[in-house]
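The values are calculated or read from the model by the stated rules, or taken from the named source; none is laboratory data. Bear in mind that the values here come from a model prediction, so they are computed numbers and not experimental data. Note: ideal-geometry Cβ built from the backbone for every residue, glycine included; neighbour counts use all protein chains shown. For the accessible areas, the whole protein counts, side chains as well, though only heavy atoms, and no ligand, DNA or RNA atoms are used. Shrake-Rupley method; radii C 1.70, N 1.55, O 1.52, S 1.80 Å.
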Amino acid sequence: MKNTRKAVISDLPQLAELFDQYRIFYHKTPDVPAAANFLQERLENKDSEIFVSEENGTLIGFVQLYPIFSSTRMQRYWLLNDLYVNENHRGKGYSKELIEKSKELCRSSKACGILLETGKSNDIGNQLYPSCGFELYDSVNFYEWTNHDNE
């Protein structure tokens, strides 16, 4: 049976495995224990909202959102930072379900919207997000400063 819900601490073993798969997809070194620690901190400190999709008791996807704020709108925004579905379960609507849960969070928290970033080469994401109502915001330049002291 298919189910999408808010993640809980007891999900950590499976969620850490999925999170590690996600990080590997982005060319990071595998580290399930560090993934578990990172996710446990997010859940315990309520730093983020994590929703999971499961099928017959097995977690197969997740989305993680971080709260941010818009000063000009004087409202909360949500940053959809992580979205991942195990490759064996793609194309079955799990990503759209996770995005719908994200939209429900946005509405229930009275936030002004959800922001996300994806690579120009992410063909699947660049088809998925517009199909879920996201608009490409190309009127700004996105910049990043990286603190290399922490590497």
Test: residue in the range 89-110 that is open to solvent by 70 Å² or more (accessible area, probe 1.4 Å), within 29 Å of Asp138 (Cα to Cα), part of a helix (DSSP H, G or I) and of a type in the set (A, V, I, L, M): no
Selection count where residues are farther than 25 Å from Asn88 by Cβ, of a type in the set (D, E, K, R) and buried (at least 16 other Cβ atoms within 10 Å of the Cβ), scope the range 43-55: 1
Residue match in the range 42-51 (condition: assigned to a loop (DSSP other than H, G, I, E, B) and touching a residue at least 40 places away in the same chain (Cβ under 8 Å)): no
Verdict on Arg73 being more than 12 Å from the chain's Cα centre (by Cα), of a type in the set (D, E, K, R) and farther than 20 Å from Leu18 by Cβ: yes
Residue within the range 113-131 that is out of contact with any helix residue (DSSP H, G or I) (no Cβ under 8 Å at 6 or more places or on another chain), touching a residue at least 24 places away in the same chain (Cβ under 8 Å), part of a loop (DSSP other than H, G, I, E, B) and more than 25 Å from Thr29 (Cβ to Cβ) present: no
Count of residues meeting criterion [outside any loop (DSSP other than H, G, I, E, B) and either of a type in the set (S, T, N, Q) or touching a residue at least 60 places away in the same chain (Cβ under 8 Å) (or both)] in the range 54-82: 6
Residue within the range 57-74 that is surrounded by fewer than 20 Cβ atoms within 10 Å (Cβ to Cβ) and more than 27 Å from Gly133 (Cα to Cα) present: yes
Among residues of the range 1-19, those that are exposed (fewer than 12 other Cβ atoms within 10 Å of the Cβ) and small (Gly, Ala, Ser), counted: 1
Set Ser70, Ser48: member being at pLDDT below 95 and of a type in the set (Gly, Ala, Ser): Ser70
Subset of the range 20-36 [surrounded by 13 or more Cβ atoms within 10 Å (Cβ to Cβ) and either small (Gly, Ala, Ser) or over 24 Å from Ala111 (Cβ atoms) (or both)]: Asp20, Gln21, Arg23, Asp31, Val32, Ala34, Ala35, Ala36
